[in-house]
Amino acid sequence: MRHLLPFIAALLIGSQATAEPVHGIAMRGEPALPSSYQHFPYVKPDVKKGGRISYGVVGTFDNLNPFILKSMRTTARGLWDTIFGNLLFESLMTRSSDEPFSLYGLLAETVEMDDDRTYIQFNLNPKAKWSDGEPVKPEDVIFTMELLRDKGRIPFSGRLAAVEKMEKVGEHSVRFTFNEKADREFPLILASATPILPKHAIDPERFDQSTLKYPIGSGPYRVKAVSPGERIVYERNPDYWGADIPSKIGFDNYDQISVEYFLQENTLFEAFKKGAVDIYLEGSPTHWTRAYDFPAVQRGDVLKESFKPQLPTGMLGFVFNTRRPIFADANVREGLSLAFDFEWVNRNLFDGAYTRTESYWQNSPLSALGNPAEPRELELLGAAKDKVAPAILDGSYRQPRTDGSGADRKVLRQAVEKLKAGGYTIKNGRMSDAAGKPLAFEVMTQTADQEKLAIAYQRTLRMIGVDMSIRTVDDAQYQARSGNFDYDMIVKSYPSSLSPGIEQVNRWGSASKDRQGSFNFAGAADPDLDRLIGSMMTVRSQPDFEATVRAYDRMLLSGHYLVPLYHIPDQWVARWSHISYPEKLPLYGYQLNTWWDKRAQ
């Protein structure tokens, strides 16, 4: 035993050693920018700040607290917002949109973290202040974590589950020591996806109640005016503490930002045409092609822009609720998937604007599409490789190409064969199981566009004796039923990033299958998916990470959890010409919080 004492002592000393403070961290490897960086590469650093912008959204709001369950879906936009920017609240670190997953200092000037990521220490910027002039303190960070644990909504309420201890260190620092529930991504989530709130300005007892009281934050803007359900107006804080730190140079360029609310999309677009809204984020190819013939476009006052980010496509599809017995067999799901005639839909409904989606990470190195499984992937899959279709394993898999007639007999025959393998055959013109029970289900839709798409799918399914009914419901019913998994089939989108991680648990992990409010709409519960998600969050090298995600992609594709639909490789934005943007497009596409009003020049 005595000869082991020096070794044990060395381990103890090493485990307590403090890492050197650094300006940034990355999920894998090192951040791209050095400690001497002056600004992010995709901003206009010398932009003249001033002017104003009006954004438009469809919906309503009755709350100014985005971190609680009550009124979660009716909280005013812009307070904590991935599209318009975090105008009022800030995180400890901020993400660079030009790197897969790298963070740089914001409220925390520097951080310290060991190689095994057993802890992270945030060293707060001594200049950081709340909008009322009070300094941001370690006590605020600790207060925030405890408050969100006790009163916040998912995912904020779960942040401390992976924390063994949090403690104030010195005058300006706070350290989090992790337990066995933490993974290598967790420190970055803690740093970038958790708002920090002012302890001195919040009543913990009332925090979980909706409020229209103007909040105090550390961000670049303050709330100026609120018309519940109609408009929220932000004004620049002239004393914003972070205006000159590198990660904020070139951001937050307007003196005033308003978010206007509309009950319908067409009303929002009419407001844009009249100049009441400055930017319109377009999502419909037919609308993009046909709707921009009004005078302001013809005069050049309104401009149409296409941006091409370097992002994976993500996945949009008709999602099977595998909790339903009729969708328990993957052969049935594959057969029903084969019956969707993308070529007919794309030509007749969308003017041929879309591309078929065939991978969850299409157009990126993380995709299995066109890539044979390499030895590292096969090792990761292990016995699970037998669950992967041979064509998906060797990279030759493609969605079937129909003749576009809406009744391609060859493809429909393939669908019938797959349904037969799942126990269904056509009897008296209806697809039925061995007991004579017809294959019938309902798809729940939310919008007119989804309903139109479902009608086209319904028409093709009828040709092989499958009875799919369509129910379009209002937003409140849609949210309630989707949150409770009360549907047979639903239309959902799964955005993908270049650094997938913990969000995959909420989408495809066994732990989220029966958790109401999760995004596991398909009801997936496969230990092999769980294992690959775990590997995704623990591997350290980029090659190993890419191999893991490709193996995971193959498993999802082979599970046929949804009917893959389509994507557009471009981002479409229409803007009034007085709004401008930087020359460089970052990896993740346009960033509205780097744009500016040319009238301020």
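The values are calculated or read from the model by the stated rules, or taken from the named source; none is laboratory data. Keep in mind that this is a model prediction, so the values were computed, not measured. Quick reminder, even Gly has a Cβ in these numbers, built from the backbone with ideal geometry, and neighbours come from all protein chains shown.
Table for the structure above
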| item | result |
| --- | --- |
| Tally of residues being assigned to a helix (DSSP H, G or I) and either of a type in the set (Phe, Trp, Tyr) or not assigned by TED's automatic domain parsing to the domain that holds Gly465 (or both) across segment 285-344 | 14 |
| Hits in segment 363-379 (condition: at pLDDT below 95 and in contact with a Ser or Thr (Cβ under 7 Å, 6 or more places away or on another chain)) | Asn363 |
| Leading residue by the ranking (modelled with the lowest pLDDT) among those in segment 457-483 that are acidic (Asp, Glu) and exposed (fewer than 14 other Cβ atoms within 10 Å of the Cβ) | Asp475 |
| All positions within segment 375-404 that are basic (Lys, Arg) and assigned to a helix (DSSP H, G or I) | Arg376, Lys385, Lys387 |
| Residues that are without any contact (Cβ under 8 Å) to a residue 12 or more places away in the chain and not hydroxyl-bearing (Ser, Thr, Tyr), drawn from segment 116-160 | Asp116, Pro135, Arg149, Gly158 |
| Among (1) surrounded by 15 or more Cβ atoms within 10 Å (Cβ to Cβ); (2) over 25 Å from the mean Cα position of the chain (by Cα), the one test that Asp252 misses | (2) |
| Tally of residues being among the acidic types (Asp, Glu) and either in contact with an Asp or Glu (Cβ under 7 Å, 6 or more places away or on another chain) or buried (at least 20 other Cβ atoms within 10 Å of the Cβ) (or both) across segment 121-140 | 1 |
| Some residue of segment 545-567 being surrounded by fewer than 18 Cβ atoms within 10 Å (Cβ to Cβ) and either at pLDDT 95 or above or not polar (S, T, N, Q) (or both) | no |
| So Leu366, is it aliphatic (A, V, I, L, M) and either crowded, with 21+ Cβ neighbours inside 10 Å or not assigned by TED's automatic domain parsing to the domain that holds Ser493 (or both) | yes |
| Lone unmet requirement of (1) exposed (fewer than 15 other Cβ atoms within 10 Å of the Cβ); (2) over 30 Å from Leu532 (Cβ atoms); (3) over 24 Å from the mean Cα position of the chain (by Cα) for Ala454 | (1) |
| Output for segment 290-301, where each listed residue is surrounded by 12 or more Cβ atoms within 10 Å (Cβ to Cβ) and either more than 14 Å from Trp576 (Cβ to Cβ) or among the polar types (S, T, N, Q) (or both) | Ala291 |
| Strands (runs of 3 or more DSSP E) wholly inside segment 139-249 that include at least 1 residues being of a type in the set (Asp, Glu) and within 30 Å of His39 (Cα to Cα) | 231-236 |
| Segment 111-120: number of residues that are buried (at least 19 other Cβ atoms within 10 Å of the Cβ) and either of a type in the set (Val, Ile, Thr) or part of a loop (DSSP other than H, G, I, E, B) (or both) | 2 |
| Residue, surrounded by the most Cβ atoms within 10 Å (Cβ to Cβ), within segment 568-601, restricted to residues that are over 19 Å from the mean Cα position of the chain (by Cα) and at pLDDT below 95 | Ala600 |
| Wholly within segment 486-601, strands (runs of 3 or more DSSP E) carrying at least 2 residues that are in contact (Cβ under 8 Å) with a residue 12 or more places away in the chain, among the hydrophobic types (A, V, I, L, M, F, W, C) and under 26 Å from Tyr292 (Cβ atoms) | 571-576 |
| Output for segment 50-80, where each listed residue is free of Cβ contacts under 8 Å to residues at least 40 places away in the same chain and either surrounded by fewer than 20 Cβ atoms within 10 Å (Cβ to Cβ) or more than 30 Å from Met27 (Cβ to Cβ) (or both) | Thr74 |
| Those residues of segment 179-222 which are farther than 20 Å from Ser102 by Cβ, among the aromatic types (Phe, Trp, Tyr) and touching a strand residue (DSSP E or B) at 6+ places or on another chain (Cβ under 9 Å), in sequence order | Tyr214, Tyr221 |
| Some residue of segment 393-411 being farther than 30 Å from Leu498 by Cα, free of Cβ contacts under 8 Å to residues at least 24 places away in the same chain and assigned by TED's automatic domain parsing to the domain that holds Leu529 | yes |
| Criterion violated by Gly217 - all others in (1) touching a Pro at 6+ places or on another chain (Cβ under 6 Å); (2) closer than 23 Å to Gly158 by Cα satisfied | (1) |
| Gly423 vs. criteria in the same structural domain as Gln362 (by TED's automatic domain parsing), assigned to a loop (DSSP other than H, G, I, E, B) and without any contact (Cβ under 8 Å) to a residue 40 or more places away in the chain | no |
